[in-house]
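This report concerns only the one structure given below.
None of the figures in this text is laboratory data; all of them are computed from the coordinates on show. Source: prediction; values computed, not measured. Reconstructed Cβ throughout: ideal geometry from the backbone, glycine too, with neighbour counts over all protein chains shown.
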Amino acid sequence: MKTAIESSQAPKPIGPYSQAIKKDKTLYISGQLPLNVEQDFLVNSDFSLATKQVMENIEAILRADHMDFTNISFCTIFVIEIHRSKYGVCSVLFKTVPGSTSHRSFGTSSQCYY
């Protein structure tokens with residue numbers, strides 16, 4: 001059985017999908033934008049700040065299903081310019097998920113939609 005998981009503290013989906021889907025005991029979270037829901041503001045001036053906002057959005061979705069970052073076992077991050085963003089993104093990721101043993105993949109996408 002699949003269940004849609006949603007949080008009012010994270011951006012609403014901009015298409016026909018859910019913020020997250022839970023299947024059995026696994027939660028699949030959709031890609032997140034660096035959108036601050038409270039201020040209706042897209043954080044795009046700095047990679048570190050944008051990553052921090054994305055992580056806050058993910059945290060809100062996790063909390064909606066009584067989870068936190070310790071429940072993450074796999075994370076994929078896509079950015080447009082990997083040479084400019086890799087260190088800022090990784091530093092925020094490692095601070096947000098301390099002691100993480102999660103598997104991470106990091107790559108580029110020429111088609112990031114905002």
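Numbers for the structure displayed
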read-out	value
Complete set of residues in the range 1-22 that are surrounded by fewer than 19 Cβ atoms within 10 Å (Cβ to Cβ) and under 17 Å from Cys75 (Cα atoms)	Ile21, Lys22
Those strands (runs of 3 or more DSSP E) lying entirely in the range 1-70 with at least 1 residues within 10 Å of the chain's Cα centre (by Cα) and of a type in the set (A, V, I, L, M, F, W, C)	26-29
